[in-house]
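Participant: Starting off with a structure, shown below.
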Amino acid sequence: MFWRRRARARGAEQGGSGGARFTFRAMPSEAELRRAAETGSPQALNQYGVKLRIDGRLEEAVEVLTPAAEAGRQDATANLALTLLSLGRGEEAAAWFERNGPMGEAMARRIRERRDEDDAPGSPGRPAR
């Protein structure tokens with residue numbers, strides 16, 4: 001697993017156009033991510049939450065991602081919403097998606113539409129009336 005980061009300054013130093021460039025490095029270990037998250041940094045909390053999510057530890061990921069999302073990090077709100085969706089907590093996911101601008105609002109709307117479709121009589125799992 002690799003993490004990417006912008007290397008704009010390095011590209012400019014090497015005579016590049018100065019545009020966004022990315023470099024890749026190995027993902028830090030879980031212990032490193034946990035130590036960084038313990039500082040309370042929203043960015044570190046988000047990174048640790050993503051690691052937990054990748055590892056399938058979704059409930060732990062929700063606990064870690066929530067403070068980062070509450071701090072206003074858009075990437076954390078999206079990661080939290082996706083994790084909640086994976087746990088089948090669609091309404092909570094929709095509420096977090098709504099905090100993420102027009103694309104998030106569209107996702108929230110779609111989640112709610114799908115819920116309404118699933119609740120309709122005659123839908124799979126619901127008897128026709």
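The values are calculated or read from the model by the stated rules, or taken from the named source; none is laboratory data. Owing to the predicted nature of the structure, the values given are computational and were not obtained by experimental measurement. Ideal geometry is used to build each Cβ from the backbone, glycine not excepted, and the neighbour counts take in all protein chains shown. Please note that ligands, DNA and RNA were not included when accessible areas were found on the heavy atoms of the full protein model with its side chains. Shrake-Rupley method; radii C 1.70, N 1.55, O 1.52, S 1.80 Å.
Participant: Step by step: first the residues of region 90-119, then only those that are under 13 Å from the mean Cα position of the chain (by Cα) and open to solvent by less than 60 Å² (accessible area, probe 1.4 Å), then the one that is modelled with the lowest pLDDT. Which residue is that?
Facilitator: So the residue we want is 100.
Participant: Which one of the conditions (1) at pLDDT below 95; (2) open to solvent by less than 40 Å² (accessible area, probe 1.4 Å); (3) of a type outside the set (Phe, Trp, Tyr) does residue 81 fail to meet, given that it meets all the rest?
Facilitator: So the condition that residue 81 fails would be (1).
Participant: Taking residue 12 and the conditions (1) modelled with pLDDT under 95; (2) part of a loop (DSSP other than H, G, I, E, B), which numbered condition does it fall short on, given that it satisfies the others?
Facilitator: Of (1) modelled with pLDDT under 95; (2) part of a loop (DSSP other than H, G, I, E, B), only one is false for residue 12: (2).
Participant: Based on what the data block shows, is residue 72 at pLDDT below 95, in a loop (DSSP other than H, G, I, E, B) and more than 18 Å from residue 111 (Cβ to Cβ)? Can you show your working first?
Facilitator: Values: at pLDDT below 95: yes; in a loop (DSSP other than H, G, I, E, B): yes; more than 18 Å from residue 111 (Cβ to Cβ): yes.
Yes: the conditions hold for residue 72.
Participant: How do the pairs read when you match residues in region 19-43 that are farther than 22 Å from residue 77 by Cα and in contact (Cβ under 8 Å) with a residue 12 or more places away in the chain with residues anywhere that are open to solvent by less than 90 Å² (accessible area, probe 1.4 Å) and assigned to a loop (DSSP other than H, G, I, E, B), using Cβ under 8 Å and keeping only pairs 6 or more apart or on different chains?
Facilitator: Note: pairs meeting the criteria are 21/7; 22/7; 23/7.
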